[in-house]
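Bear in mind that the values in this text are calculations on the coordinates, not laboratory data. Just so it is clear, the structure is predicted and the values come from calculations on it, not from any experiment. All Cβ positions, even for glycine, are placed from backbone atoms using ideal geometry, and neighbour counts span all protein chains on display.
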Amino acid sequence: MTQITEDTFEQALHVFREAQEIDLHGVTFIDPYGMVGLLEIGELLKSEGVQKTLYLPESEEVLKYLERMDFFRFADGYFTLKPSQPQISEKYLRNQSSDVLLEITPIEKSDDIHFIVGKVKGRAHAILARHLHYDERAINGFIVALSEVCQNIIEHSETKGFVGIQKYHFQSMNKNVVKIAVMDIGIGFRMSLSERFSLKDDLEAIEKALLHGASRYAEKGRGHGLAAVRRFVNQWNGKLSIRSGTAKFSIIPQWAWGKEKEFHLAYFPGSQVNILLPEI
């Protein structure tokens with residue numbers, strides 16, 4: 001496997017769950033979804049009392065990126081890293097010219113969301129305004145949408161989640177794109193909503209939350225978070241996908257790729273959210 005992204009996640013999940021050791025030697029590209037996904041696989045293994053050896057990529061470019069995104073800070077708690085101290089010739093200077101909007105950050109309590117929002121606000125101008133051409137209104141919408149996705153973990157997951165955000169240049173369309181990955185291995189949409197709704201499967205649960213603003217809470221005004229995220233992503237011609245349990249539902253604009261509905265996937269707990277936002 002040379003890439004670890006949303007596109008290869010199903011394959012990665014199968015291989016990494018089954019294999020005695022996780023071998024990333026040949027990996028030449030990994031994005032926030034791949035990185036956060038690896039950490040959540042680690043979190044799941046840890047909950048089962050398992051700590052696997054993780055062989056790091058040989059590509060120095062990938063190692064630099066993992067370092068810049070704070071991957072090692074968390075991976076160390078889940079895996080036995082080989083080599084334990086990767087040789088990186090120079091640490092990337094975390095300056096304003098960096099493409100990282102948010103390093104991998106844990107989400108466990110409301111204070112974490114305040115921290116995340118503060119950090120993103122501080123870098124919003126350098127990345128969202130400069131590379132996506134977002135104005136203040138769009139930046140505020142972005143921050144609200146990000147808060148809602150993170151809040152979803154605190155309200156529905158009952159475990160720790162992770163978020164990571166990075167800007168890329170998509171050569172095929174000659175546009176800058178920001179990728180946001182937010183994941184947890186909590187109870188997932190179906191179990192969360194089953195207290196109030198009769199749901200036949202994971203896909204119906206995701207659709208109910210995303211398209212109809214369903215929540216596990218009965219109070220008025222609760223649960224519209226993901227529906228608001230969907231509206232924001234639609235407004236800015238973005239792609240949104242949510243995986244939970246054995247299903248995945250995606251909203252795909254013309255420039256993007258993927259399937260709208262996927263089911264009978266390998267079971268993975270919690271929820272895995274991916275958002276792609278192109279420059280305007």
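Overview of results
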quantity: Rounded Å value of the spacing that divides the Cα centres of region 144-158 and region 244-280; calculated: 17
quantity: Packing rank of 40-50, 147-157, where each peptide gets the mean count of other beta carbons within 10 Å, highest leading; calculated: 147-157, 40-50
quantity: Label-to-label distance, nm, for residues given as residue 158 and residue 67 (7 Å Cα→Cβ offset); calculated: 4.1
quantity: For 249, 115, order by how many other beta-carbon atoms lie within 10 Å, fewest first; calculated: 115, 249
quantity: Residue 87-residue 144 pseudo-label distance in nm [points 7 Å out on the Cα-to-Cβ vector]; calculated: 5.2
quantity: Highest-fluctuation residue, 59, 194, 89 considered, GNM on the chain with Cα pairs under 10 Å; calculated: 89
quantity: Kyte-Doolittle at least -1.0, axis length at least 18 Å by Cα - qualifying DSSP helices, the chain; calculated: 32-47, 110-124, 136-156
quantity: Estimated FRET transfer efficiency (residue 212, residue 173; beta-carbon r; R0 35 Å; 0.05); calculated: 0.65
quantity: Cβ-Cβ FRET estimate between residue 29 and residue 110, R0 fixed at 41 Å, reported to 0.05; calculated: 0.75
quantity: Calculated FRET value between residue 21 and residue 266, using beta carbons and R₀ = 25 Å, to 0.05; calculated: 0.85
quantity: Length-normalised contact order of region 93-280 in % [C-alpha pairs under 8 Å, at least 6 apart]; calculated: 22
quantity: All aspartates and glutamates inside 17 Å of residue 239 as judged from Cα atoms, apart from same-chain residues fewer than 8 positions distant; calculated: 6, 7, 31, 148, 207, 260, 262, 279
quantity: Radius 12 Å from Cβ of residue 55, net charge of other residues (Lys, Arg +1; Asp, Glu -1); calculated: -1
quantity: DSSP-defined beta bridges in the chain - what % are antiparallel, rounded to 5; calculated: 80
quantity: Residue-averaged [θ]222 nm for the chain, counting only DSSP H segments that reach four residues, each worth -39500 (n - 2.57); calculated: -11500 deg cm²/dmol
quantity: Furthest towards positive pole of dipole, 276, 197, 169, structure part region 93-280, Cβ charges; calculated: 169
quantity: Among 106, 86, 57: highest mean-square fluctuation, GNM of the chain, C-alpha pairs under 10 Å; calculated: 86
quantity: Beta bridges per DSSP with both ends in region 1-150, % antiparallel, nearest 5; calculated: 0
quantity: Cα-centre dipole for region 1-86 with unit charges at Cβ (Lys and Arg positive, Asp and Glu negative), debye to 20; calculated: 280
